[in-house]
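Data block below; observations after.
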Amino acid sequence: MSTAVRRRAVAPVWEVTRPARPGRVPGVVLAGLRACGPAPVDHRLDPHPVLTLALACGEAALGIDEPTGRQHRGSLVTGLGFGVGGAARVRAANVEWMQVRLSPAIARAVLGVGPAELESSVVALDDLWGERRAARLREQLAGTASWEERFALVEAFLARLSAAGPAIEPELAWAWDRIVAGHGQVRVEGLADELGWSRKRLWSRFHAQLGLPPKRAVTLVRFDWAATRLAGGQEAAGVAADCGYADQSHLHRDVVAFTGVTPATVAGQSLVAKADLAWVDHVPRLSARWGDAPASRFDGPHRPPPPTAGGDARGGRVPGRSTDVRSCHPGRRPARAADAGGSG
């Protein structure tokens with residue numbers, strides 16, 4: 001039976017500020033968040049197909065509590081898929097912080113470790129960058145007068161790290177972007193065929209360099225896109241059909257597995273004001289430049305086409321893409337062609 005999704009009137013938890021201009025670092029999206037409610041923040045943290053940096057911008061710090069009871073405070077990094085099961089919590093009071101969402105394709109260059117080492121985990125930024133580098137950035141952020149200055153500071157910092165760090169294989173950057181652009185409605189076998197690789201080769205290299213197996217990436221991105229559409233007020237049955245689930249029960253099982261709650265509960269949450277629902281693309285892409293690929297790889301009959309802007313894995317338009325938003329996470333807006341979101 002079809003279940004209609006209805007949005008509850010909930011006071012916003014986060015005030016969101018987005019950069020005034022498009023980002024200049026491929027694979028990165030930024031937003032500034034400030035706790036705006038009278039009560040301390042306390043909400044569920046759901047998994048995303050990105051790595052997220054939470055950078056403290058003042059004395060008060062964001063906190064994340066793991067299901068095990070372990071607590072983390074300060075500037076943090078969450079890995080791909082952290083929060084599966086819905087037992088992780090975000091806690092804060094009177095806090096300002098910058099959210100930096102990273103494509104796993106540039107995670108090693110920016111963080112100094114591969115995404116596989118951070119999968120489903122949360123780590124203090126001091127442990128990745130060292131206390132001196134992390135403290136210096138924290139001091140610089142606290143000393144800035146505006147969000148725009150903070151955005152410029154962090155973007156310049158990440159640009160230097162990205163340029164100096166190791167790059168992943170271009171085929172894998174393409175495969176990740178294809179999964180994201182197709183909202184997860186792609187087949188792993190199809191990706192391998194288009195690359196001219198065996199499925200085993202794609203699995204091992206994808207897992208090693210992007211942090212999770214390709215099938216898991218497809219599932220995570222698909223869930224993220226489905227939750228986006230549920231939060232936009234669409235019926236669960238239609239979301240299941242449009243997002244490639246076998247049926248509504250399949251969608252229900254996936255949402256419960258990832259969040260610990262039902263699709264109706266995911267749809268009923270709103271942590272940001274309605275005006276902030278369209279703040280930025282939530283799954284960054286690299287938009288890989290095919291000319292940078294070695295001639296032995298992307299030349300010839302197995303050179304894959306770039307993902308189609310605004311389309312699904314088959315090049316068609318994704319239904320409802322221009323109007324779907326997700327409110328159960330801070331700062332989302334419908335994906336642009338350059339940074340489309342998706343899963344499989």
query: Using +1 on the beta carbon of Lys and Arg, -1 on that of Asp and Glu, and nothing else charged, what's the dipole of segment 167-219 about the Cα centre, debye to 20?
result: 260 debye
message: If the only charges are +1 at each Lys and Arg Cβ and -1 at each Asp and Glu Cβ, what is the size of the charge dipole of segment 6-139 around the Cα centre, to the nearest 20 debye?
response: 520 debye
Rounded to the nearest 10 Å², the accessible area of Val25 at probe 1.4 Å: 10 Å²
query: Under a point spin-label approximation (7 Å from Cα along Cα-to-Cβ), what is the Glu15-Ala135 distance to one decimal in nm?
result: 3.1 nm
- prompt: Given 0.36 nm per residue, what is the gain on full extension from Asp247 to Ala142 after removing their alpha carbon distance, in nm?
  reply: 32.9 nm
query: When all protein chains stay in place, what accessible area (Å², nearest 10, 1.4 Å probe) is found for Val186?
result: 20 Å²
query: Roughly to the nearest percent, how much of the accessible area of segment 90-188 is carbon and sulfur, given a 1.4 Å probe?
result: 48 percent
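The values are calculated or read from the model by the stated rules, or taken from the named source; none is laboratory data. Bear in mind the structure is a predicted one, so any value in this text is a computation, not a measurement. Note that we place each Cβ from the backbone using ideal geometry, even for glycine, and neighbour counts take in every protein chain shown. We work out accessible area using only protein heavy atoms, side chains counted, and drop any ligands, DNA or RNA first. Shrake-Rupley method; radii C 1.70, N 1.55, O 1.52, S 1.80 Å.
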